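**Student:** Shown below is the structure under consideration.
What follows draws every value from the coordinates through simple rules; no lab data is involved. Values in this document were obtained by computation on a predicted structure and should not be read as measured data. All Cβ positions, even for glycine, are placed from backbone atoms using ideal geometry, and neighbour counts span all protein chains on display.
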Amino acid sequence: MKKLMLFAGTTEGRELAQYLEDRKVSTKVFVATQYGEELMQSGKFIQVESGKLECCDMKDKFEEEKPEMVIDATHPFAKIVSENIKRACDTVGIKYIRLLRNFEERAYSNCIYVENINEAVRYLNSVSGRALITTGSKDLKEFTAVNEFQKRLVVRILPDSDNLRACRELGFSPQNIICMQGPFSVKMNEAIILESGANYLLTKETGKAGGFYEKLDACKNTGTKVIIVGRPKEEGFSFEEVKKIIGEKFELVNDKKICIIGAGMGNSDMLTVRAYGTIKDSDLIISTSRILEKLNSFKKETATAYKADEILKIIDDSDVSKIAVVFSGDIGFFSGAIALRNRLEKYDVEWISGISSEVYFMNKIGKSYENTKTISIHGRDENFIGAVRENESVLLLLGGGNTANSVCRSLENFGLGNAMVTIGENLFYNNEKISVGFAKDFANEDFYDLSVMLIENPYARQHSLGIDDNNFIRGDVPMTKNEVRTVSIAKLRLTKNAVVYDVGAGTGSVSVECALIATSGKVFAIEKNSTAIGLIIKNRKMHGASNIEIIEGKAPFVMENLPTPTHVFIGGSSGNLKEIITLVMKKNPMARIVINAISLETIGKVIEILKDFHIADSEIIQLGISKGKQLGNNHLMMAQNPVFIISFGVGESYE
């Protein structure tokens, strides 16, 4: 049986191992550490061995196993390892293949480029400040040459006992050692940079798979300088080229070529030449019944499916060699094809773009879409009212029960009835129709379910925190006043997609402001007073805050079945403060919570609750406000009751 040997130390190496396992290629995989062996699990055709090998050890294994070829997928900076593998291959006379890591050129400012670690050390000795070292454990010894390295350097290494032991033996301070396994998101990198107080981040030019760009983006967002050790120049082959070499050498028969195709608006006349030819050459077409009906002229075997799991099962069970999976529109634009993107690794896949109905529509009506906010509400619950309120041009993809007339009714209900709308139905078909007018004029008209709609609002503007109290309908219900509301919401640290509980919502002033900030999120206004509920409804409509859902009842009892919150404001608790916080912490221990308190008794309860939950990151401020009032020719400052504002938590989702 033909064998292959793979030295894996990168994400690409692990992906290649899985590729070989799927194709039943007998492969011996070598990794340097026990931790690497845990990441690279053995399979039916993959045998993994850990441990560092010298050139002579490699030579012995090559002579014993006699592989057809050896693939070097080690890290780009592991130059010595690659040299040893190549030398051993040359000695034994075995084909050596170098797998190159994918690299994408991007332009970033605030970067210092150095050729090697020693040059990086010299640079650090020429400046002051702390540095986060993310180059791995192999170069740690060189960094001990940095002045006051115990105080200045924070090192991030893999969670391996040998790595940690090496750090301690070299003298790195325990509080400056971070043992974590990536990949690291931009936000995680930002958090580590800020917590470590780093002025510099040192990284190697590892490319996309090595989390290089997430580091650069985090540094850009935090104003941190980046010291980049440039990757060594080397020759080799891309991932696709290596797969081709393996296929030719091992005579792999992959009898399934999968083509994911964007069909435009479903009419065969809108297919690109590439898509047309691919469908014509295919043995099987998988799509929805609506699209298959338009493609019946190809006279091919068909299968009806639109969900990713259904499509995958048909592909796996099929005996044909060329399969076309056809989606409407473009495969990268609100398409079901996205769910297949990472689930077809074991197949030879080609992605063929199409012309989306949105692109066709905007060109048809002579509008530019480069500054247009695009949203799909095809069976989705999206806050398009908030988008129209903030953007002069919004393009909606309709369907799944969300029709043009229902959108127009919503626009009218939230004070946007005078927005200009352009509605496109049955695009590129014989009964194509374009309708133009004010939203209020189409609220009671009938439109085709699958349509496209452009909404233009010349009065759109971004929300500015701090709505004047006079702009709320108040009645006799207590309301969180402007200044207190502004500071409290600032302490909430809301994000665009926040899920907010406003407990004891009153008139809904806090709910409205939160909803206008978290335009891609949801606000649940929780209130037990029926009079207040009526005011929240009116204020929600007045300010176009359609992403507020009103929950009538007493907290925490009505909160049990609500979606998990990321942010919680408690303006009134009816004596159930501890129970409310207990439920919130159970739902999401990372929720950001802000509490308003007026009485000393309430603040005393809050302090006890903070102790009970061992909350150490809380902040308590007292806000005293005086407002000027004119009496005759004089102005007097009239003091309001001081308010305590308590805040804690990070405000993230908890999975």
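**Student:** To the nearest 20 debye, what is the magnitude of the charge dipole of the chain about its Cα centre, counting +1 on the Cβ of each Lys and Arg and -1 on the Cβ of each Asp and Glu? Could you put the intermediate results ahead of the total?
**Tutor:** Numbers: 81 positive and 85 negative charges, 214 e Å.
Result for the chain is approximately 1020 debye, rounded to the nearest 20.
**Student:** How tilted is helix 577-587 with respect to the longest principal axis of the chain? Cα atoms for both, answer in degrees (0 to 90, nearest 10).
**Tutor:** Long axis of 577-587 versus the principal axis of the chain: about 30 degrees.
**Student:** Order of 433-441, 80-88 by packing, highest average Cβ count within 10 Å first?
**Tutor:** Values: 433-441: 15.3, 80-88: 18.3.
Going by the mean number of other Cβ atoms within 10 Å, highest first, we get 80-88, 433-441.
**Student:** For SER328, enumerate residues with amide H under 5 Å from its amide H, sequence gap 5+ or separate chain, H modeled in the peptide plane.
**Tutor:** ALA263
**Student:** While we're looking at this one, here's another question. For a test of the definition: using alpha carbon positions, the gyration tensor, and the 1.5 limit on a/c, classify the range 392-431 as rounded, prolate or oblate. Before the final figure, lay out each step's value.
**Tutor:** Details: a/c = 2.41, a/b = 1.74, b/c = 1.39.
Prolate is the answer for the range 392-431, as a/c is 1.5 or above and a/b outweighs b/c.
**Student:** Using the count of nearby Cβ atoms within 10 Å as a rough guide to exposure, how do HIS614, HIS543 rank from fewest to most? Display every interim value, and only then the final one.
**Tutor:** Working: HIS614 6, HIS543 23.
The order, fewest Cβ neighbours first, is HIS614, HIS543.
**Student:** Rounding to the nearest 20 debye, state how big the charge dipole of the range 520-621 is about its Cα centre with +1 on each Lys and Arg Cβ and -1 on each Asp and Glu Cβ. Mind dumping the intermediate values first?
**Tutor:** Details: 12 positive and 10 negative charges, 66 e Å.
Dipole magnitude for the range 520-621 comes out near 320 debye.
**Student:** For the range 196-352, give the magnitude of the charge dipole about the Cα centre (Cβ charges: +1 Lys/Arg, -1 Asp/Glu; no others), in debye to the nearest 20.
**Tutor:** Values: 24 positive and 24 negative charges, 110 e Å.
For this selection, approximately 520 debye.
**Student:** Just to check I understand the Karplus step: with θ = phi - 60° and J = 6.51 cos²θ - 1.76 cosθ + 1.60, what whole-Hz values come out for the range 363-374, glycine and proline as x?
**Tutor:** Couplings: 5, 4, 9, x, 10, 7, 10, 6, 10, 9, 6, 10 Hz.
**Student:** Pairing the Cα long axis of helix 212-222 with the longest principal axis of the chain, what angle in degrees results, from 0 to 90 and rounded to the nearest 10?
**Tutor:** Rounded to the nearest ten degrees, it is 30.
**Student:** In the structure displayed, which of LYS138/LYS225; LYS79/LYS256; LYS220/LYS496; LYS373/LYS491 lie more than 26 Å apart, Cα to Cα?
**Tutor:** Numbers: LYS138/LYS225 23 Å; LYS79/LYS256 38 Å; LYS220/LYS496 20 Å; LYS373/LYS491 29 Å.
From the list (LYS138/LYS225; LYS79/LYS256; LYS220/LYS496; LYS373/LYS491), the Cα-Cα distance tops 26 Å for LYS79/LYS256; LYS373/LYS491.
**Student:** Once a ≥ b ≥ c are taken as the square roots of the eigenvalues of the Cα gyration tensor of the range 532-636, is the result rounded (a/c under 1.5), prolate (a/b larger than b/c) or oblate (a/b not larger than b/c)?
**Tutor:** oblate
**Student:** Now a separate question. Can you give the FRET efficiency for MET542 and SER321, using 1/(1 + (r/R0)^6), R0 = 56 Å, r = Cβ-Cβ distance, to the nearest 0.05? Spell out each step's value before the answer.
**Tutor:** Details: r = 62 Å, r/R0 = 1.10.
Efficiency, rounded to the nearest 0.05: 0.35.
**Student:** While we're on this one: Give the Cα extents of the chain along the principal axes, in whole Å, largest first.
**Tutor:** Principal-axis extents of the chain (Cα, largest first): 100, 74, 43 Å.
**Student:** Something else about it: Could you tell me the center-to-center distance, by alpha carbons, between the range 343-412 and the range 266-329 in angstrom?
**Tutor:** That distance is 23 Å.
**Student:** Same structure, new question: Taking a virtual spin label 7 Å from the Cα of ARG87 along the C-beta vector, which residues in the range 46-60 bring their backbone nitrogen under 12 Å of it?
**Tutor:** It comes to 54-59, nothing else.
**Student:** Oh, and also: Considering only GLN462, GLN622, GLY236, whose Cα is most displaced toward the positive end of the charge dipole of the chain, charges sitting on Cβ of Lys, Arg (+1) and Asp, Glu (-1)?
**Tutor:** GLN622
**Student:** Cut-off is 10 Å between beta-carbons; in what order do MET188, MET180, MET585, MET559 appear when sorted fewest neighbours first?
**Tutor:** Values: MET188 15, MET180 11, MET585 18, MET559 21.
Placing the least packed residue first, the sequence is MET180, MET188, MET585, MET559.
**Student:** Could you tell me whether the range 469-648 comes out rounded, prolate or oblate from its Cα gyration tensor? Rule is a ≥ b ≥ c as square roots of the eigenvalues, rounded for a/c under 1.5, then prolate if a/b exceeds b/c, otherwise oblate.
**Tutor:** Numbers: a/c = 1.75, a/b = 1.21, b/c = 1.45.
Cα axes put the range 469-648 in the oblate bin.
**Student:** Loop only by DSSP, 13 or fewer other Cβ within 10 Å of the Cβ. Give me the trypsin sites (Lys or Arg not before Pro) in the range 103-173 that pass, ordered by residue number. Write down the numbers at each step before the final one.
**Tutor:** Values: sites: ARG106, ARG122, ARG130, LYS138, LYS141, LYS151, ARG152, ARG156, ARG165, ARG168; in loops: ARG106, ARG130, LYS138.
Sites meeting the loop and neighbour criteria: ARG106.
**Student:** Divide by every residue of the chain the summed helix terms, -39500 (n - 2.57) for each DSSP H run of at least 4, and state the resulting mean residue ellipticity at 222 nm, rounded to the nearest 500 deg cm²/dmol. If you can, show how the numbers build up before the last one.
**Tutor:** Numbers: 22 runs with 211 residues, N = 655.
Mean residue ellipticity, 222 nm, calculated: -9500 deg cm²/dmol.
**Student:** Of SER289, SER137, how do they rank once you tally other Cβ atoms within 10 Å and put the fewest first? Can you show the working numbers first?
**Tutor:** Values: SER289 10, SER137 19.
Least to most surrounded, the residues fall as SER289, SER137.
**Student:** Same structure again: Looking at the range 469-648, send over the antiparallel percent of its DSSP beta bridges, to the nearest 5.
**Tutor:** Taking every DSSP beta bridge with both residues in the range 469-648, the antiparallel ones total about 45 percent.
**Student:** On a C-alpha basis, how far is the centre of the range 578-629 from the centre of the range 442-503 in Å? Whole number, if you could?
**Tutor:** 25
**Student:** Can you tell me what percent of all Cα-Cα pairs in the range 350-467 are more than 17 Å apart? Walk me through the numbers on the way to the answer.
**Tutor:** On the way: 3696 of 6903 pairs.
For the range 350-467, the share of Cα pairs beyond 17 Å comes to 54 percent.
**Student:** Hey, another quick one. In the range 313-407, what trypsin sites (Lys or Arg not before Pro) fall in a loop by DSSP, with at most 16 other Cβ atoms inside 10 Å?
**Tutor:** Numbers: sites: LYS313, LYS322, ARG341, ARG343, LYS346, LYS364, LYS367, LYS373, ARG380, ARG389; in loops: ARG341, ARG343, LYS346, LYS367, ARG380.
Loop-located and lightly packed - ARG341, ARG343, LYS346, LYS367, ARG380.
**Student:** In addition: Could you tell me the convex hull volume per residue, in Å³, taken over the Cα atoms of the range 36-95?
**Tutor:** Values: hull volume 5.5 nm³, N = 60.
Given the Cα convex hull of the range 36-95, per-residue volume reads 92 Å³.
**Student:** Just to confirm a number: summing +1 for Lys and Arg and -1 for Asp and Glu over residues other than SER50 whose beta-carbon lies under 10 angstrom from that of SER50, what do you get? Before the final figure, lay out the partial values.
**Tutor:** Values: positive: LYS52; negative: GLU37, GLU38, GLU49.
Taking every other residue near SER50 into account, the sum is -2.
**Student:** Let me ask you something else. Name the residue farthest towards the positive end of the dipole of the chain from the options LEU4, MET638, GLY43, assuming +1 on Cβ of Lys and Arg, -1 on Cβ of Asp and Glu, about the Cα centre.
**Tutor:** The listed residue farthest towards the positive side: MET638.
**Student:** Here's something else I'd like to know. Restricting to DSSP loop positions (anything but H, G, I, E, B) with no more than 13 other Cβ atoms inside 10 Å of their own Cβ, which GluC sites (Glu not before Pro) remain in the range 1-81?
**Tutor:** GLU54
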